[in-house]
Number of protein chains: 2
Amino acid sequence: MMGTAMTVPLRDNGHEVRLVGTPLDEGIIAEVKRTGIHPTLRRSVPDGVQPYPVEQLQQALANTDLLIAGVSSFGVEWFSDTVLPLLAETPLPVLAVTKGLAGQKDGTVLPFPHLWHRRQPAGGESSFQAIGGPCTSYELADRRHSAVVFCGDDQERLDFLKSLLETSYYHISISTDVIGVESAVALKNAYAVGITMTVGLLQREEGIGCREAYNPQAAIFGQCMREISELVTLFGGLEPSIAYGVSDLYVTVYGGRTRKLGILLGRGLSYADAKSELDGVTLESVAICTAAASALRRLAEAGEACLDRFPLLLHIDEVINRGQPVNIPWKRLVRRDLQQAERHRGCSPRPRT
Amino acid sequence: MMGTAMTVPLRDNGHEVRLVGTPLDEGIIAEVKRTGIHPTLRRSVPDGVQPYPVEQLQQALANTDLLIAGVSSFGVEWFSDTVLPLLAETPLPVLAVTKGLAGQKDGTVLPFPHLWHRRQPAGGESSFQAIGGPCTSYELADRRHSAVVFCGDDQERLDFLKSLLETSYYHISISTDVIGVESAVALKNAYAVGITMTVGLLQREEGIGCREAYNPQAAIFGQCMREISELVTLFGGLEPSIAYGVSDLYVTVYGGRTRKLGILLGRGLSYADAKSELDGVTLESVAICTAAASALRRLAEAGEACLDRFPLLLHIDEVINRGQPVNIPWKRLVRRDLQQAERHRGCSPRPRT
């Protein structure tokens, strides 16, 4: 869906665009060919976009300036195995819409651009960039004002990619802080579960049709911001990247499957039952929660992080991965922000740099 | 309304509570006496709360441990003139729900606790604290989980106030960063206008009943977070206080008069016309926008701030105070977050400390 939405600014800028489905998108590509409409995005694909089935990926890649990778984090391995080898001979800049982090055995997390850089065949010269920031595919396709950030290691290449895609409604910042941007925008998926749990908790008390309450959501939102800030720094990212994740959290909470998951858990369903209600699909939010909590625990074991500072992420992880019932640790979210030195008394993690 | 909502945790903790109206609240106090219901909060006042008209303020203050000041920022002068003299003989800890900043002639802004400390009669020994964080009066009165912060200069006194008010649903952090907390929570009122302007802009294009778009709101939300962070630091506050303001912004955007103002401005009304539609009332958001933009411009003149880093606040100020039409400066919100030293090239404000 996001890959197709990206064809809107591309076509508005007059580029030739080829839209290639993954093996999961056969029906969608067929529908686009037949009707010109993307069936789940529920929008017309812009005039001039050429749809290709996955079998014709190599032909679609011929004579291109840019490959936009529209896979979700669950398609990262497929992309590594199938697409990267094709790029060995004709290196391209790759721009990924994928949000997520790959957990590594040593307790670190790796952004997908860095993972793909490592995974490309020896001697491969493709470059890997990613898009962060709050942007839903529906609204991009509708040409709503959207602010995103392109992150990558090379500033000039980011400027080039921006020149291809910038429009009057698609506003592109650039950042060379790949770890910071990718951590922040991935983590928001995990934390959105925490905010929406409060919606389900209230429904459990007062019935599903009850009026929504915003004090509890905002309370958790503040905690999300604190924990995302600390995690981004802990993972090696920089402070200016945090706002891309926090603003993305703002939009994620309003709708979609992550919201549904949080509400179901808040109502009292186990994660297994909630997952069944969501057609058995594992969500990005679950994947990133698991990877981040696991990385955090390993860092804590190594004395490099303090678990006490992440009560919300650990609670979400316990609910999803350890069968615990939702029971927001309100009293552990309370803070003592004192100007004196004892602010971090008893817990001085060494930040990773 | 917030003063009355505060009686809920107070009574739940078994305190004796006297509810005193300001001169503007005569009708409300009469209604509470007659029916037990606060007519604008639309909630029953808890059993045992004693309502007092303003003429009986002195009697109401007799033998009390704490004065909670429920005035808005427009009542700060009245409080200074009327209440502070009464406290000269019987000093009390004061806890204010007021959100705002008093602009000073030298370009600095002063939190109300500090203003009142200066204003109390010579030798006065009352102490002044304030409440920040996301908490609407309706939801506090309904005992929804609410996370607030009590800020003041004395940590032990903050602990005492927290012991009086903390309940299973009212979660109290404490902070000695008065400037940071008060700046952050005041600024959110100004910035909420910026986010909701995007709602009105879309209505102008597509009609008032159109479906809301969240990409533009989230884009502006991210910019709000960046500017609030920088302003809090510029005004002398500390980083941990920022989240109290940003989470408060999250809840302010959902409803109330500030949202209405932003929407009306976005639809194309001048500030004068929008104010008329809002019954001619000057909102907190307008007062803080004016004070903060004025302080920022003076700091810039003194070489201590860089106006380029606050395009959104300055635009909101131009719309409200200089008759400019809403025209979100999208391209000035785009950033280049580079790890190299040129990140702040051409603009190196000296932060105030």
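Observations on the model:
- Among the residues making up region A:85-111, those that are of a type outside the set (Gly, Ala, Ser) and assigned to a strand (DSSP E or B) are A:Pro93, A:Val94, A:Leu95, A:Leu101, A:Val109, A:Leu110, A:Pro111.
- Residues (over 26 Å from A:Ala274 (Cβ atoms) and acidic (Asp, Glu)) located in region A:205-263: A:Glu230, A:Glu239
- Residue in region A:241-251 that is part of a helix (DSSP H, G or I) and more than 19 Å from the chain's Cα centre (by Cα) present: no
Residue-wise test of (1) open to solvent by 10 Å² or more (accessible area, probe 1.4 Å); (2) away from every other protein chain (no Cβ under 13 Å); (3) part of a helix (DSSP H, G or I).
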{"position": "A:Pro113", "(1), (2), (3)": "no, yes, yes"}
{"position": "A:Phe128", "(1), (2), (3)": "yes, yes, no"}
{"position": "A:Pro134", "(1), (2), (3)": "no, no, no"}
{"position": "A:Val149", "(1), (2), (3)": "no, no, no"}
{"position": "A:Val181", "(1), (2), (3)": "no, no, yes"}
{"position": "A:Val185", "(1), (2), (3)": "no, no, yes"}
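- Number of the exception - A:Lys99 against (1) within 30 Å of B:Val199 (Cβ to Cβ); (2) modelled with pLDDT of 95 or more: (2)
- Residue check: B:Asp337 meets all listed conditions (1) within 14 Å of chain A (Cβ to nearest Cβ); (2) touching a Ser or Thr at 6+ places or on another chain (Cβ under 9 Å); (3) closer than 30 Å to B:Thr176 by Cα but one, namely (3).
- Among the residues of region A:259-284, just one is open to solvent by less than 20 Å² (accessible area, probe 1.4 Å) and within 14 Å of the chain's Cα centre (by Cα), namely A:Leu283.
- Residue within region A:5-22 that is in contact with a Lys or Arg (Cβ under 7 Å, 6 or more places away or on another chain) and modelled with pLDDT under 95 present: no
- Of all residues in region A:223-242 being among the β-branched types (Val, Ile, Thr) and open to solvent by less than 30 Å² (accessible area, probe 1.4 Å), the one that is nearest to the other protein chains (Cβ to nearest Cβ): A:Ile242
- Assessment of region B:158-169 against the conditions (crowded, with 24+ Cβ neighbours inside 10 Å and closer than 28 Å to B:Gly262 by Cβ) yields no matching residue.
- Some residue of region B:205-217 being hydrophobic (A, V, I, L, M, F, W, C), at the interface with another protein chain (Cβ under 8 Å from one of its Cβ atoms) and within 24 Å of A:Arg335 (Cα to Cα): no
Every residue, every condition in (1) within 18 Å of A:Ala219 (Cβ to Cβ); (2) at pLDDT 95 or above, yes or no:
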position	(1), (2)
A:Glu230	yes, yes
A:Ser241	no, yes
A:Ser247	no, yes
A:Val253	yes, no
A:Arg259	yes, yes
A:Ile263	yes, yes
A:Gly266	yes, yes
A:Leu269	no, yes
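- If the condition is being open to solvent by less than 10 Å² (accessible area, probe 1.4 Å) and in a helix (DSSP H, G or I), then region A:300-319 contributes A:Pro311, A:Leu312, A:Leu313, A:Ile316, A:Asp317, A:Val319.
Conditions tested, residue by residue: (1) under 25 Å from the mean Cα position of the chain (by Cα); (2) open to solvent by less than 50 Å² (accessible area, probe 1.4 Å).
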| site | (1), (2) |
| --- | --- |
| B:Gly48 | no, yes |
| B:Tyr52 | no, yes |
| B:Ala60 | no, yes |
| B:Val71 | yes, yes |
| B:Gly75 | yes, yes |
| B:Trp78 | yes, no |
| B:Ala88 | no, yes |
| B:Pro91 | no, no |
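The values are calculated or read from the model by the stated rules, or taken from the named source; none is laboratory data. Nothing here was measured: the structure is a model prediction, and the numbers come from that model. Cβ coordinates were reconstructed from backbone atoms using ideal geometry, including for glycine residues, and neighbour counts include every protein chain displayed. Remember, those area values only see protein heavy atoms, side chains included, never the ligands or the DNA or RNA. Shrake-Rupley method; radii C 1.70, N 1.55, O 1.52, S 1.80 Å.
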